[in-house]
Amino acid sequence: MNKPLRRIAIFCGILILALLVRTNYLQYVRADELNSRDENRRVRIERYAHERGNIIVDGNPVTGSVETKGSDFKYKRVWKNGPMWAPVTGYSSQAFDASQLESLEDGILTGNDDQLFFDRTLSMFTNDKQQGGNVVTTLNGAAQKAAFKGLGKKKGAVAALDPQTGAILALVSTPSYDPSVFAGNSDKDSKARQQLLKDKNKPMLNRALRETYPPGSTFKVVTAAAALENGLYTGIDEPTKSPLPWRLPLTTGNLANEGNIPCENATLREALRWSCNTVFGKISDDLGNQKMIDEAGKFGFNKEIFTPVRADASVYPKDNRPQNAMAGIGQASNRATPLQMAMVAAAVANDGKLMQPYMVAERQAPNLDTIYTHEKEQFSQPLSGENAQKLQQMMETVVKNGTGTNALIDGVTVGGKTGTAQHGLNNSENPYAWFISYAKTDSGSPVAVAVVVEDSQANRDDISGGGLAAPIARDVMKAVIDSKK
Amino acid sequence: MSVVTNTTTIGAIDAPSRRNTELMMMAFAIAISVFAYANVGLAIDGKLPSGMFGYGAGLILLGGVAHLVVRKFAPYADPLLLPLATLLNGLGLVLIWRLDQSERLIQRAETLYGSYSPDAPKQLLYSAIGVAFFVAVLVILKDHRILQRYTYISMAVALVLLILPVFFPAVNGAKIWISLGPLSIQPGEFAKILIAVFFSGYLMVKRDALALASRRFMGLYLPRGRDLGPIITIWALSILILVFETDLGTSLLFFGLFVVMLYVATERTSWIVFGLLMSAAGAVGVASFESHVQARVSAWKDPFSCYTTNGACEQISNAIMSFGSGGTLGTGWGQGHSDLIGFAANADFILATVGEELGLAGMMAILLIYGLIIERGVRTALAARDPFGKLLAIGLSGAFAIQIFVVAGGVMGLIPLSGMTMPFLAYGGSSVLANWALIAILIRISDTARRPAPAPAPSPDAEMTQVVRP
């Protein structure tokens, strides 16, 4: 009987061998794939197993972590002043993943980033708990607060930049949401999120970065820059060749101005001061679609911008002549994010140099060592220093004695441009009130800001960039200047 | 292979008893288990577990008693079987205790049953009873050939055990339990031994008829119709188990066991061909109408299907992800999330915890320990001098091997999942008891096999027949 016994022994050996091969296949060959599957709850358990690092504004964290009981996930994210900071931080939910900075900087915040490999290895030996690193933002708490308070219950957004560096100083979107309400993993969190998603005011939309509006008259700054850069006009106090009424090319209709304003052959300065549609519509038409696209592109239009949070691409499209003329005054198919318009103001304020906008100043390891510092970086040069200064004079006139007087700050030079963008079929809906501006001190400009208010509640006649948006911009600029003192 | 088998006529060779080797190995097995226990405590609570002294003492007591009994009642037994079983049982206790600490499983028990009670103390009790079984078998069973007398009684009891669960309600979808008040028994585990005893006795008597009375056809020996009776009966019985008790594992185990023993007894390869054909036919036939078999097969084909379509695969996919997450070295004892498997994490799926927390290295070690036990069993069969002992030893080790393959292969997604337990590692009273008894029988056979033959009577002409080497 020994021969079959030996064969059975070999058979048993093959059974064990098959198991050994299988375990090697699962645990060696497929380990990475299995370990990172979406279905694998360990990925999320791991993310919430340690106290998450913080997002820091002005040296203080705007986030935190609390221990939760009775869940797979040990720590839950909390936010200080959640609705105000949500457009910056995004959310990080045990059940619904993460967004914006919380998602993009997840590696640093959880401590799993490759840059933190050394720290992790070290803490493995010293038996310390793994900790997350911190993300230090460029935001200015006072400016953010001023913007959030200024918008109040109104629907809208504010984006503020430091023109000299590109640092984002404020990023507000209202109505906002508190990411804390669905940070957990319970039914309550799920319901809260459902409610936010169903809300027709879209509180979870980051209007400062992800909503594009017709920029209205604020776009005339870009059109003016295009006129100066392309040599269409050189002096800002020379009369332009602008008839009134001016017929929109290839159409039978005249382009109208708001009210009865002195636009015929007006100088560039006067045209911007009164916001003459006829003058800027004609400039856009004179330059042609391609030159307008080129200049808008230098300001950042037609591409997504990563701050590192992605901002939607603002659009200045290829168009026919009448549409191009309309786009030159910020109507038609021309659309911009608030961040984009803040970049326009910033480029002008920084003598024509547009800096790359960013909101992460530093990344810190768990032991607070800095492992990354942002180096300021030029985005483009949309206009020459000389032309930028001309444009500054024009914008300062707008604030001193034009439509933007609400933005005046004592003892500070302020330049700005109002905008009232019509939208809806036949302009049936309430227009958006825009204001872009910058402040200037002896050491250059510390802040440029764009404000948009889409308030359907207000009386239509009261809606104007100067009335609704300029005071908010003023408060934001004042907050930045005061905090620098 | 074994020297001992051919020595019966030569005279007493002083085979070493290897009892001291066994003692050293036992100490090693117990030390590893106690260290493992300490490791889990440190990983989960950051301090040595409070029950460590009791656990260590319990294990030393059990192992010590088992060893002393072997020393006294089976002095020539294989020295590896007992330490290997003790090591697995000790590691199993640690694994179960580790899963007892899982918040997730505690919560699950509380929401489902309103209460929670840890399993490790119960398993320790079962282990004690298991070792008592082991001792009883060694003490009572002086010679394994006594079992030959109970060939048909074994069969009758085994049949009763196998059929009884049909009359009890299904637990979690499988009818493999007999519940008597607070006690629930998985009779299949015991039936495994009884069936092996029956086959050994039956085949020992019938092997010549089965082997020789056959016609040759296309290179195969075709058995006579009347000799096909037993194999068809066993085949039908396995199919019935599968259909009525929805127990894929037990069904596979019995049929495989029978084919293996038939092949060893008759030395005819044709039986294996028949066996494979019949099991394939049975499997396909049953799968065509049994929905639970179909569900198992579809979960095996794509373990992640239920996340996109309807179906039940969470357990198997979670087990597979456990293995993947363990990687090469594992997360460390107490630091994995194998408890995500939920139900049966410490029973059928206990290997997933090994895979995740001890990694590939740990899995290979555990599988090799099982491999060693099987190998020692086969060695015992080779060494055994009587056909009954040979058949019984190969039957028991074969059953052990098939069970390991079916369970581990199922949990790792190599073959469709079937509900059986990893011997010694998994939680479960019946399993621990039956497997300790199985080891005891193997030890008894190996003792008989390795025992030196009595010295032959001195031969008057010994001097003259001395071999002269050139």
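So here's what we get for this one:
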{"item": "Rg ratio (alpha-carbon, reference 2.2 N^0.38 Å) - the protein assembly as shown", "result": "1.38"}
{"item": "Value of [θ]222 nm, deg cm²/dmol, for chain A, DSSP H segments ≥ 4, -39500 (n - 2.57) each, nearest 500", "result": "-11000 deg cm²/dmol"}
{"item": "Average Cα contact separation per residue, chain A, under 8 Å, 6 or more apart, as relative contact order %", "result": "16 percent"}
{"item": "Dimensionless Rg ratio for region B:1-155, taking C-alpha atoms and the 2.2 N^0.38 Å reference", "result": "1.35"}
{"item": "Coil-residue GluC sites (Glu not before Pro) of region B:338-390, DSSP, other Cβ within 10 Å capped at 10", "result": "none"}
{"item": "Flagged links, alpha-carbon separation over 20 Å, of A:69/A:198; A:417/A:440; B:192/B:390; A:149/A:440; A:282/A:440", "result": "A:69/A:198; A:149/A:440; A:282/A:440"}
{"item": "Computed helical MRE - 222 nm, chain B, DSSP H runs ≥ 4 contributing -39500 (n - 2.57), nearest 500", "result": "-22000 deg cm²/dmol"}
{"item": "Orphan Cys of the protein assembly as shown, criterion: no other Cys C-beta under 4.7 Å", "result": "A:12"}
{"item": "Entries of A:155/A:298; A:145/A:202; A:76/A:303 with Cα pairs more than 27 Å apart", "result": "A:155/A:298; A:76/A:303"}
{"item": "Amide H partners (placed H, <5 Å) of residue A:311, local residues excluded", "result": "A:305, A:306"}
{"item": "P(r) histogram, all alpha-carbon pairs of region A:272-365 included - 5 Å bins from 0, percent", "result": "3, 13, 20, 21, 19, 11, 6, 3, 2, 1, 1, 0"}
{"item": "Exposure proxy ranking, count of Cβ atoms within 10 Å, fewest first, for B:278, B:363", "result": "B:278, B:363"}
{"item": "Where Rh is the Kirkwood radius over Cα pairs, Rg/Rh for chain A", "result": "1.13"}
{"item": "Three principal axis lengths of region A:202-276 [C-alpha, angstrom, descending]", "result": "47, 31, 24"}
{"item": "Note, ³J(HN,Hα) from phi for region B:338-349, Karplus 6.51, -1.76, 1.60, rounded to Hz, x at Gly and Pro", "result": "5, 5, 4, 4, x, 3, 6, 4, 9, 10, 4, 9"}
{"item": "Residues A:483, B:317, A:443, sorted so that the one with the fewest Cβ neighbours within 10 Å comes first", "result": "A:443, A:483, B:317"}
{"item": "Descending semi-axes in whole angstrom, ellipsoid equivalent of region A:118-206, from the Cα gyration tensor", "result": "32, 25, 9"}
{"item": "Per residue Cα convex hull volume in Å³ - calculated over region B:305-369", "result": "82 Å³"}
{"item": "Mean separation of Cα contacts under 8 Å (6+ apart) over length of chain B, as relative contact order %", "result": "24 percent"}
{"item": "Principal axis box of region A:161-260, alpha-carbon based, largest edge first, Å", "result": "66, 41, 24"}
{"item": "Evaluated at q = 0.21, 0.23, 0.27, 0.30 Å⁻¹: base-10 log I(q)/I(0), Debye formula over Cα of region A:342-397", "result": "-0.74, -0.82, -0.98, -1.10"}
{"item": "Radius ratio Rg over Rh of region B:114-170, counting only Cα atoms, Kirkwood formula for Rh", "result": "1.14"}
{"item": "Over region B:251-402, relative contact order from alpha-carbon pairs under 8 Å, at least 6 apart, %", "result": "21 percent"}
{"item": "Under 5 Å, built H, 5+ apart or other chain: amide partners of residue A:52", "result": "none"}
{"item": "Hydrodynamic radius (Kirkwood) for region A:183-222, which is based on Cα pairs only, to one decimal in Å", "result": "12.8 Å"}
{"item": "Dipole in debye (nearest 20) - the protein assembly as shown, about Cα centre, beta carbon charges: Lys, Arg +1; Asp, Glu -1", "result": "2720 debye"}
{"item": "Phi to ³J(HN,Hα) by Karplus 6.51 cos²θ - 1.76 cosθ + 1.60 over region A:87-94, Hz, x for Gly, Pro", "result": "x, 8, 7, x, 10, 9, 10, 4"}
{"item": "Overall Cα dimensions of region B:84-205, principal axis frame, Å, largest first", "result": "56, 35, 22"}
{"item": "Under 5 Å, built H, 5+ apart or other chain: amide partners of residue B:427", "result": "B:347"}
{"item": "Footprinting exposure proxy for B:302, A:187, B:339 (fewest neighbouring C-beta atoms within 10 Å first)", "result": "A:187, B:302, B:339"}
{"item": "Dimensionless Rg over Rh [chain B; C-alpha; Kirkwood]", "result": "1.00"}
{"item": "Rounded D (µm²/s) - region A:39-125, Kirkwood Rh over Cα pairs, Stokes-Einstein at 25 °C, 0.890 mPa s", "result": "180 µm²/s"}
{"item": "3J(HN,Hα) from dihedral phi, region A:480-485, Karplus parametrisation 6.51/-1.76/1.60, rounded to Hz, x for glycine, proline", "result": "5, 5, 4, 6, 8, 6"}
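Here, each number is a calculation from the coordinates, and none is a lab measurement. Only a predicted model underlies this, so the values are computations on that prediction, with no experimental measurement involved. Reconstructed Cβ throughout: ideal geometry from the backbone, glycine too, with neighbour counts over all protein chains shown.
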